[in-house]
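Input: a single structure, listed below in structure tokens.
The values are calculated or read from the model by the stated rules, or taken from the named source; none is laboratory data. Since the model is a prediction, treat every value here as computed from it, not as a measurement. Using ideal geometry, Cβ is built from the backbone for each residue, glycine included, and neighbour counts are taken over all protein chains shown.
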């Protein structure tokens with residue numbers, strides 16, 4: 001019963017914020033079918049090497065072909081978190097071609113939903129950058145989209161959880 005009440009409270013908070021709405025004002029707006037994807041639907045994504053610790057995950061050697069994406073699904077529990085900070089380092093020097101897309105869900109849900117998107121064109125440097133995302137569920141997946149015409153090679157992706 002307590003879990004059901006928690007889920008209902010979370011839904012009451014998230015529904016008015018437009019969780020699965022597409023943001024069309026962005027230069028690289030998501031298509032409607034990308035805004036709410038079925039969990040575990042992208043089994044063909046390359047599996048980079050990941051290390052998980054108490055409050056962060058480090059993923060290395062992420063290769064994203066031109067015009068494609070890689071999903072990095074976190075195994076951390078975000079139920080006590082307020083935000084998540086993500087940083088990327090491109091060994092190919094073209095991090096400005098990235099879009100960092102924050103997907104959120106809960107175990108009972110069938111779909112991932114998008115709330116925030118950070119554009120690599122906003123990064124100060126061309127090879128490193130990051131973003132902070134608010135937490136909208138206890139499961140997090142980061143979609144790294146390459147919007148450029150050349151591949152992006154990320155030597156590291158760091159996901160750090162900010163706890164309450």
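One table, with the values for the structure above:
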{"item": "Unique residue being more than 22 Å from residue 78 (Cβ to Cβ) and in contact (Cβ under 8 Å) with a residue 24 or more places away in the chain when the list is 136, 111, 103, 125", "result": "125"}
{"item": "Per-region count, region 120-136, residues touching a strand residue (DSSP E or B) at 6+ places or on another chain (Cβ under 9 Å) and under 20 Å from residue 59 (Cβ atoms)", "result": "10"}
{"item": "Residue 103 outside any strand (DSSP E or B), touching a strand residue (DSSP E or B) at 6+ places or on another chain (Cβ under 9 Å) and surrounded by 19 or more Cβ atoms within 10 Å (Cβ to Cβ)", "result": "no"}
{"item": "Residue 154 being crowded, with 19+ Cβ neighbours inside 10 Å and within 19 Å of residue 90 (Cβ to Cβ)", "result": "yes"}
{"item": "Selection count, region 126-153, where residues are over 15 Å from the mean Cα position of the chain (by Cα) and either at pLDDT below 95 or closer than 17 Å to residue 66 by Cα (or both)", "result": "9"}
{"item": "Search result, residues across region 74-93 that are surrounded by fewer than 21 Cβ atoms within 10 Å (Cβ to Cβ) and within 17 Å of residue 146 (Cα to Cα)", "result": "87, 89, 91, 92, 93"}
